[in-house]
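As structure tokens, the structure follows; a few thoughts come after it.
Readers should treat all values here as calculations from the given coordinates under stated rules, not as data from a laboratory. Note that the structure is predicted; figures quoted are calculated from it, not measured. All Cβ positions, glycine included, derive from the backbone under ideal geometry; neighbour counts span all protein chains shown.
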Amino acid sequence: MELKERTILLNNHLLRLKALYENSTPPENKKDRKFFLQVKEETSPIYEMVEKWEEQALQVVKAREVTVHPNQVNATKENMELLLMHSYYLDVRRKRYMELYRSIRYIFDQLVNELP
């Protein structure tokens with residue numbers, strides 16, 4: 001899968017995660033094993049996709065095909081991982097969640113717009 005396609009797919013996951021954050025209720029018990037396994041099952045493919053995205057994005061950045069810095073790619077990966085957990089556990093304030101969300105969207109949009 002090419003970087004642009006993967007970025008668009010991750011952007012779609014990001015929109016779904018935001019909807020999940022806004023429309024769900026916090027888990028009754030954050031240490032519930034059943035809930036943890038459900039979250040792990042749903043997020044594992046996204047974590048793998050983010051890992052592959054980071055590798056591809058760093059290659060493109062190092063080839064100077066886009067105007068994004070390697071630090072931005074690393075930070076976006078970390079922010080996406082944080083957002084994944086916050087979307088399910090709802091353990092962060094909305095302001096912080098939206099800061100992470102906007103930061104990720106900015107880099108994703110910049111990559112999609114600059115890649116051929």
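Partners of Lys77 within straight-line reach, counting aspartates and glutamates whose Cα lies under 16 Å from its Cα and excluding those fewer than 8 residues away in the same chain: Glu48, Glu51, Glu54, Glu55, Glu99, Asp109. Evaluating 6.51 cos²θ - 1.76 cosθ + 1.60 at θ = phi - 60° for every residue in the range 89-95, the Karplus couplings come out as 8, 6, 10, 9, 5, 4, 4 Hz, glycine and proline recorded as x. Checking every one of the trypsin sites (Lys or Arg not before Pro) in the range 48-92 against DSSP loop status and a limit of 12 other Cβ atoms within 10 Å picks out Arg64. Only helices enter this figure: runs of n ≥ 4 DSSP H residues, each worth -39500 (n - 2.57), summed and divided by the residues of the chain, yield -28000 deg cm²/dmol at 222 nm to the nearest 500. Taken over the C-alpha atoms, the range 1-46 has Rg and Dmax values of 13.3, 40 angstrom.
Within the P(r) computed for the range 3-114, what percentage of the Cα pairs occupies the region above 18 Å? Please report the intermediate quantities before stating the final value.
Numbers: 3043 of 6216 pairs.
Result for the distance tail: 49 percent.
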